[in-house]
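Before any comments, here is the structure.
The values are calculated or read from the model by the stated rules, or taken from the named source; none is laboratory data. Owing to the predicted nature of the structure, the values given are computational and were not obtained by experimental measurement. For neighbour counting, all protein chains shown are included, and Cβ atoms are generated from backbone atoms with ideal geometry for every residue, glycine included.
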Amino acid sequence: MKINNICDNEHIDDCGIPLTYTTLTGTGNLDMPKTMTELNDKMTSASYSAGGTAYHPDGSAYSMLDTKAAAFETGNGESILTFYNPNCVANMDETVDYFVQPKICANMIYDLNGSKGPNTVGKDIGFMTILYPTDSVVVAPQPFRTIITGVASDEAAAACTQQAGGEYRIPTKDELASLFANSALMGPTFTGLGANAHWYSSSKHVFSNGRITNWLIVAGLGEYRIPVAGVSEWSILCVER
C-alpha cells in the first residue's frame, strides 16, 4: 500500500479525515473521534478483573489504555484513522462470559474519498477491526440500517437473508465486537437506552453448561458477551460482508 501522508492526533484533517461525520442512522455534524475513549468510552472506562464476569479464564487483571488515534492517506485517495490497543489479548475459545474490549487490537475508520462529502457512515465512511495479537481476525461489517427484534435466535440467520435482496447475514461474534467498538458511528439506536437495552445475537455457537448456546453482545453495557439459550429472542443487527 502506498502511503502519501501520515498525520498525528491533532491534524487528522491533513490526511483527509473529516472533522465531522453523519452516523448510519442519520445523526449529523458529530465530531470525528480522535482517542479510544472518544471512539467508545466503554473501551477505556473500566478495569477488568476476575470478579463477577471474567474477561480471562486465568483471572488476570487488565486495564484499557486511552490511546490517541493517528491517520494516514493512501495513494488512491482513501483516508484511514487508526486506533491501537498495544495490550490486546488472544482468543482463548472461551466458554464463559468475557469482555470484548481486551480482544480488540486495532480499529480503523476509513473514508473512501477523503474529506469530500457526504462523510456519512454506510456511504463513504466505514470501519474495520483487528482482533487478537496472534491468529488475528480482520472484520469489516457493513451493518443494515434496520434492527430486527422479536426473532428467536435459531431463526436469526434466516431473518437476515430476507433483508435487502438476500445480501445480509447474521454477524459473527467478532463482527459484533467491531459493531460495539464503532457504535458511535451507527447512532444511539444501536446501544439503546438503559443498561440491558439491545442484546444482539451472533452466528457463533458454543457448548456451555451442558447445552448448545449462541454468543451475544450487550450493546447497552458494551462490556461483555455471554452465552444464552439458543432459542431465546434477542435483537439482530444484520451485516453485509
**OP:** List every residue pair whose Cβ atoms sit under 8 Å apart, with the two residues 6 or more apart in sequence or on different chains, where the first one lies in the stretch 83-96 and is under 16 Å from F207 (Cα atoms) and the second, anywhere, is modelled with pLDDT under 90 and assigned to a loop (DSSP other than H, G, I, E, B).
**Re:** M92/H56; M92/P57; E94/P57; V96/A54; V96/P57
**OP:** Just name the residue that is surrounded by the fewest Cβ atoms within 10 Å (Cβ to Cβ) out of those in the stretch 192-227 that are at pLDDT below 65 and touching a helix residue (DSSP H, G or I) at 6+ places or on another chain (Cβ under 8 Å).
**Re:** A197
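Could you list, in sequence order, the residues of the stretch 228-238 that are modelled with pLDDT of 80 or more and either polar (S, T, N, Q) or in contact with a Lys or Arg (Cβ under 6 Å, 6 or more places away or on another chain) (or both)?
Here is the first cut: in the stretch 228-238, the residues modelled with pLDDT of 80 or more are 235-238.
Passing the criteria: only S235.
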**OP:** May I ask you to verify whether A159 is at pLDDT 90 or above and hydrophobic (A, V, I, L, M, F, W, C)?
**Re:** no
Subject >> Selection count where residues are over 21 Å from W215 (Cα atoms), buried (at least 17 other Cβ atoms within 10 Å of the Cβ) and in contact (Cβ under 8 Å) with a residue 24 or more places away in the chain, scope the stretch 121-164 >> reply: 5
Original post:
Of the residues G77, G165, which is part of a loop (DSSP other than H, G, I, E, B) and more than 16 Å from L216 (Cα to Cα)?
Top reply: G77
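Looking at this structure, is E94 surrounded by 16 or more Cβ atoms within 10 Å (Cβ to Cβ) and either of a type in the set (S, T, N, Q) or not in a strand (DSSP E or B) (or both)? Break it down into steps so the answer makes sense when it comes.
On the way: surrounded by 16 or more Cβ atoms within 10 Å (Cβ to Cβ): yes; either of a type in the set (S, T, N, Q) or not in a strand (DSSP E or B) (or both): yes.
Yes.
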**OP:** Would you check which residues across the stretch 103-120 are touching a residue at least 40 places away in the same chain (Cβ under 8 Å) and crowded, with 19+ Cβ neighbours inside 10 Å and list them?
**Re:** K103, I104, N107, I109, D111, N119
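Looking for something of a type in the set (A, V, I, L, M) and in contact with a Pro (Cβ under 8 Å, 6 or more places away or on another chain) - is there at least one such residue anywhere in the stretch 57-65?
Yes, some residue in the stretch 57-65 is of a type in the set (A, V, I, L, M) and in contact with a Pro (Cβ under 8 Å, 6 or more places away or on another chain).
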Original post:
Can you tell me which residues in the stretch 168-183 are in contact with a Phe, Trp or Tyr (Cβ under 9 Å, 6 or more places away or on another chain) and either closer than 18 Å to T27 by Cα or part of a helix (DSSP H, G or I) (or both)?
Top reply: K173, D174, L176, S178, L179, F180, A181, N182, S183
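Restricting attention to the stretch 34-51, does a residue exist that is in a loop (DSSP other than H, G, I, E, B) and modelled with pLDDT of 95 or more? Write out each step before concluding.
As a first pass, look at the stretch 34-51 and keep what is in a loop (DSSP other than H, G, I, E, B): 34, 40, 44-46, 49-51.
In the following step, the residues that additionally are modelled with pLDDT of 95 or more were identified as 34.
So far as the stretch 34-51 goes, yes, one or more of its residues are in a loop (DSSP other than H, G, I, E, B) and modelled with pLDDT of 95 or more.
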